[in-house]
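Enquirer: Sharing a structure with you now.
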Amino acid sequence: MKIIALVKFLPDVDSFEYDHEKNVLIRNNHTLILNADDAKALGFALQMKKADPSIDVEVVTMGPLSVTEQMHDLIRRGADRGTLISDHMFAGSDTYVTARILGKYIRTCEPDLILCGCETLDGGTAHIPAQLAEVLDLPLVAGIVSADTKSLPEKLICQVPWNGELLTAEVFLPAVAAINREGAFRLPFVRYFNIGKDVSDRFRVVSNEELGFLKEETGLAGSKTKVARTRAVEPEAPSQERLVVDDLQEGVEAVYRFLLEKGVLADE
Amino acid sequence: MASNCFNGGSAVVNVAKEEMIMMTREDVIDGLKKMLTESQINLDPEELYDASADRYKKFAMAKKVLDTPEPAAIVYPNNAEEVSLILKFCNENHINVIARSGKTATEGGLENWKDLAIVVDSSNMNKILKIDTYNMQATVQAGVPLQELDDELRKLGYTTGHSPQSKPVAKYGGLVSTRSIGQFSTLYGGIEDMVIGLECVFPDGHISRIKNVSRRAGGPDIRHIVIGNEGTLCYITEVTVKIFKYYPDNNRFYGYLVKDIETGIKVLREVVVNGYRPSVARTYSEEDARQHFEHFYKGYPVLLFMAEGPKGIAKATGEGIEEAVEKFKDGIVEQVDSKLIQEWFEHLNWSQKDIDDERQGMIDHYRHSGYTTEISADWENITKIYHSVIDRIRTEYPRVEDLTMLGGHSSHSYINGTNMYFVYSYNINCEPEDELMIYHHPIQQIIVEETLRFGGSMCHHHGIGKYRSQWTKEEHGSAYYMLEKLKEAFDPEGIMNYGSIFPKEDGIKAYIIKEQ
């Protein structure tokens with residue numbers, strides 16, 4: 001069985017930069033972090049591989065060459081190989097173009113299951129899973145929080161929150177499965193013996209030379225959506241309140257009420 | 001021979017090399033059933049998992065990823081004669097024996113490295129045999145909890161004088177076999193100063209009794225073959241210890257904030273070399289002080305004492321402390337209210353609930369842990385070791401950013417030196433199987449290396465256990481010869497706690513450095 005885990009590296013909030021003229025994120029030369037939903041998706045893939053080592057897991061991302069070391073790190077965590085789709089022509093691509101680029105590469109791999117996060121922290125559109133499924137003409141199940149793998153590789157049985165309930169969904173493979181940030185999966189750490197291990201022979205960069213898109217099909221030129229306007233939002237400072245009491249009992253009660261209000265303690 | 005014969009849970013039954021018969025776990029259990037009742041043999045899977053390691057691998061144990069083999073059974077002999085039968089059976093069939101009592105081991109002493117092993121637990125040998133207030137001694141079986149004996153003595157106005165933090169849980173067999181020490185050691189001494197006589201059983205089944213006398217010069221003091229053997233030479237079944245009069249009403253407490261740890265150590269030295277014996281005499285680094293005394297430490301190291309004993313001695317000891325403090329007054333920031341020290345003193349020990357809570361916390365909340373490593377050295381070198389260790393960890397240790405605490409304290413002082421208890425805790429950013437290799441081992445290695453470099457002892461009171469066995473030869477130097485000969489003489493088949501104290505390359509590779 002072959003699984004592709006799609007991941008995206010996002011600008012760290014502490015080093016966030018935006019090109020306000022082009023309305024795109026500046027990704028090169030800045031710290032990038034792994035998107036939380038995608039970490040869960042790769043965690044699920046590696047959990048399956050741990051249970052069945054014959055499963056092949058390829059982690060795939062699209063982005064700048066500067067994420068190479070982070071991709072190496074994901075291989076050290078247990079992925080069989082890593083692929084970075086990177087080309088200056090792809091810079092500024094919207095989700096529609098991104099899905100087409102990813103889809104073209106993934107089709108060559110013939111995976112049984114494509115796992116990805118539901119959405120990214122930077123965009124939050126949740127377009128990619130659906131658009132990718134459309135491009136690949138595969139079924140999609142999104143919002144997975146837990147899964148039962150006993151029916152693999154025929155189908156995936158998974159739980160998805162829906163209107164306050166937890167639905168069990170079954171999807172025949174091959175399929176695209178999008179994992180919710182709250183999913184019960186954990187990205188494993190790099191094991192002791194893999195720390196610093198050279199995994200470059202299991203990593204490759206795929207450029208447009210292999211994928212063969214026309215210039216007008218990718219980047220800003222090929223994108224169907226445009227960012228109309230951006231504005232910086234200052235985070236609200238957390239509110240603070242200082243309460244000084246003379247009586248100890250009064251103080252204890254004030255703290256108790258506060259904890260009740262915040263839901264830390266349950267009311268009798 | 002033993003290590004070559006084991007294969008996938010089977011082992012050799014007969015000592016005759018040409019007639020090797022493979023023994024299975026079932027054979028072991030059948031053999032035990034011929035000697036013991038069913039209630040004395042524990043085969044519960046959870047208990048066997050728990051018995052395959054100790055608190056050294058507490059995080060891996062909590063996360064259910066232990067890789068050490070489970071013993072075939074835990075057995076509970078009722079007396080020395082049954083211990084004799086069990087050891088003889090194991091000796092003849094090359095079954096590893098782990099001696100266990102209070103289960104508070106922190107250095108891998110209860111960890112099993114053999115496919116075929118049993119744990120011999122002292123819980124059924126739980127009687128206080130005699131309290132003799134005229135001759136000032138008490139005799140207990142190995143499974144008697146220290147707390148129980150001390151409670152009985154206190155009713156009579158006496159005390160054991162022994163108070164390790166594990167007092168509510170620890171039992172006499174373990175206390176003696178690990179050369180334990182208590183928090184009042186500067187006055188009462190370590191367990192080696194308290195044991196008068198004992199009974200123990202050797203692998204060939206021989207039962208030895210060392211009689212209870214006030215002193216002896218009948219050759220080398222053979223008590224010390226047993227005290228601290230960590231279950232590698234024999235199994236302790238009975239212990240007789242000194243008891244002391246108890247004067248809690250005379251206790252005096254002293255606390256000071258000091259400029260640096262050097263000042264604290266100098267005051268400790270001054271008090272002890274002048275001939276005073278406070279029961280508690282400690283200096284905490286500012287980092288360690290924050291853990292215990294956050295409400296008053298103000299960012300400084302803390303120096304504290306407790307004077308106890310008859311009124312006159314407690315008073316004189318208190319005056320001796322004050323004189324020493326006065327001599328080093330330039331390094332004293334301020335005196336602390338003695339009530340704060342007394343409050344701390346009254347909440348020193350941890351209980352079984354504390355151990356269980358720590359384990360549950362590890363199960364529920366991935367990921368924080370901490371360890372201590374205790375060493376000793378002379379007065380001249382103790383602070384050199386301290387600073388050298390701290391500097392190396394801060395500059396060399398690759399995961400230093402994960403440390404949430406790094407410091408130490410001196411808590412047991414002697415005429416010629418003191419101990420240093422390095423304390424460190426960290427956020428665990430790795431798989432539970434790798435935690436020790438990524439966090440505890442590299443830190444502990446630095447502590448051991450620096451201690452040995454400055455001529456100190458790498459273990460002050462926890463015992464060597466498994467991990468530090470890598471440095472046993474370096475610890476003892478040319479005297480290792482004597483240790484080795486003891487092992488050859490008393491445990492020629494190597495069935496007693498394989499891998500503890502005496503380094504075993506196969507076990508170190510498999511269960512410590514986990515060579516791939």
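The values are calculated or read from the model by the stated rules, or taken from the named source; none is laboratory data. Quick caveat: nothing in here was measured; it's all calculated off a predicted structure. Cβ sites come from the backbone with ideal geometry, for glycine too, and all protein chains shown count toward neighbours.
Enquirer: Go through the range A:53-71 and report how many residues are assigned to a helix (DSSP H, G or I) and either surrounded by fewer than 21 Cβ atoms within 10 Å (Cβ to Cβ) or of a type in the set (S, T, N, Q) (or both).
Expert: Matching residues across the range A:53-71 total 5.
Enquirer: Which residues, counting only those in the range B:303-339, are closer than 21 Å to B:K259 by Cα and either of a type in the set (G, A, S) or out of contact with any strand residue (DSSP E or B) (no Cβ under 9 Å at 6 or more places or on another chain) (or both)?
Expert: Within the range B:303-339, B:G320, B:E323, B:A324, B:K327, B:K329, B:D330, B:G331, B:S338 qualify.
Enquirer: Take the residues in the range A:171-188 that are surrounded by fewer than 16 Cβ atoms within 10 Å (Cβ to Cβ) and modelled with pLDDT under 95; name whichever of them is farthest from the other protein chains (Cβ to nearest Cβ).
Expert: Filtering first and then ranking leaves A:E182.
Enquirer: Let me confirm something: among B:K509, B:K487, which residue is more than 14 Å from every other protein chain (Cβ to nearest Cβ), in a helix (DSSP H, G or I) and among the charged types (D, E, K, R)?
Expert: The conditions single out B:K487.
Enquirer: Could you grab the pairs with beta carbons closer than 6 Å, sequence gap of 6+ or different chains, first residue in the range B:151-164 and hydrophobic (A, V, I, L, M, F, W, C), second one in a loop (DSSP other than H, G, I, E, B) and crowded, with 21+ Cβ neighbours inside 10 Å?
Expert: These pairs meet every condition: B:L153/B:I243.
Enquirer: Contact list please: Cβ distance under 7 Å, first residue in the range A:202-225 and aromatic (F, W, Y), second residue buried (at least 16 other Cβ atoms within 10 Å of the Cβ) and outside any helix (DSSP H, G or I), pairs at least six apart or on different chains.
Expert: A:F203/A:R81; A:F203/A:G82
Enquirer: While we're here: Please note which strands (runs of 3 or more DSSP E) are completely contained in the range B:278-369 and include at least 1 residues that are buried (at least 16 other Cβ atoms within 10 Å of the Cβ) and on the phi > 0 side of the Ramachandran plot.
Expert: Strands (runs of 3 or more DSSP E) meeting the threshold: none at all.
Enquirer: Looking at B:S500 and the list (1) free of Cβ contacts under 8 Å to residues at least 24 places away in the same chain; (2) in a loop (DSSP other than H, G, I, E, B); (3) small (G, A, S), which single condition is not satisfied?
Expert: (1)
Enquirer: Right, next: Need the failing condition index for B:S388 against (1) buried (at least 18 other Cβ atoms within 10 Å of the Cβ); (2) closer than 25 Å to B:S177 by Cβ; (3) touching a residue at least 40 places away in the same chain (Cβ under 8 Å); (4) away from chain A (no Cβ under 14 Å), just the number.
Expert: (2) is the only condition that B:S388 fails.
Enquirer: Ok, one more. Look at B:I501 and say whether it is within 26 Å of B:T372 (Cβ to Cβ), within 14 Å of chain A (Cβ to nearest Cβ) and hydrophobic (A, V, I, L, M, F, W, C).
Expert: No; evaluated as a whole, the condition is false for this residue.
Enquirer: Looking only at the range B:126-159, how many residues end up being assigned to a strand (DSSP E or B), aliphatic (A, V, I, L, M) and within 14 Å of B:M194 (Cα to Cα)?
Expert: The total comes to 2.
Enquirer: Checking B:Y414 against (1) away from every other protein chain (no Cβ under 14 Å); (2) surrounded by 23 or more Cβ atoms within 10 Å (Cβ to Cβ); (3) not aliphatic (A, V, I, L, M), only one condition comes out false. Which one?
Expert: Every listed condition holds for B:Y414 apart from (2).
Enquirer: Residues to consider are A:T218, A:T168; find the one that is surrounded by 18 or more Cβ atoms within 10 Å (Cβ to Cβ), among the hydroxyl-bearing types (S, T, Y) and at pLDDT 90 or above.
Expert: A:T218
Yes/no per residue for (1) at negative phi; (2) in contact with a Lys or Arg (Cβ under 7 Å, 6 or more places away or on another chain):
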{"position": "A:E119", "(1), (2)": "yes, no"}
{"position": "A:D122", "(1), (2)": "yes, no"}
{"position": "A:A133", "(1), (2)": "yes, no"}
{"position": "A:I157", "(1), (2)": "yes, no"}
{"position": "A:G164", "(1), (2)": "no, no"}
{"position": "A:L173", "(1), (2)": "yes, yes"}
{"position": "A:I179", "(1), (2)": "yes, yes"}
{"position": "A:L187", "(1), (2)": "yes, yes"}
{"position": "A:R204", "(1), (2)": "yes, no"}
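Enquirer: Here's something else I'd like to know. Taking the range A:189-204 only, how many residues are crowded, with 17+ Cβ neighbours inside 10 Å, over 10 Å from A:H72 (Cα atoms) and either away from chain B (no Cβ under 13 Å) or not hydroxyl-bearing (S, T, Y) (or both)?
Expert: Total meeting the criteria: 3.
To keep it simple, each residue is scored yes or no on (1) of a type outside the set (S, T, N, Q); (2) under 17 Å from the mean Cα position of the chain (by Cα); (3) under 21 Å from B:D354 (Cα atoms).
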residue	(1), (2), (3)
B:V120	yes, no, no
B:T133	no, no, no
B:K155	yes, no, no
B:H162	yes, yes, yes
B:G205	yes, no, no
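Enquirer: Considering only the range B:448-459, I want to know if a residue exists there that is part of a loop (DSSP other than H, G, I, E, B), within 22 Å of the chain's Cα centre (by Cα) and closer than 20 Å to B:L233 by Cα.
Expert: yes
Enquirer: To continue, here is another question. Could you pull out the residue among B:I236, B:I243, B:I227, B:I210 that is buried (at least 17 other Cβ atoms within 10 Å of the Cβ), closer than 28 Å to B:V140 by Cα, without any contact (Cβ under 8 Å) to a residue 60 or more places away in the chain and touching a Gly at 6+ places or on another chain (Cβ under 8 Å)?
Expert: Exactly one residue qualifies, and that residue is B:I210.
Enquirer: I've got another one for you. If you take the residues in the range B:422-478 that are among the hydroxyl-bearing types (S, T, Y) and within 24 Å of B:T283 (Cβ to Cβ), which one is farthest from the other protein chains (Cβ to nearest Cβ)?
Expert: In this case the residue turns out to be B:S457.
Enquirer: Please give the number of the condition B:G109 fails out of (1) over 19 Å from the mean Cα position of the chain (by Cα); (2) part of a loop (DSSP other than H, G, I, E, B); (3) buried (at least 24 other Cβ atoms within 10 Å of the Cβ).
Expert: (1)
Enquirer: Only one of A:R191, A:R186, A:R181, A:R202 is touching a Gly at 6+ places or on another chain (Cβ under 6 Å) and under 30 Å from A:L115 (Cα atoms); which?
Expert: Going through A:R191, A:R186, A:R181, A:R202 in turn, the sole match is A:R186.
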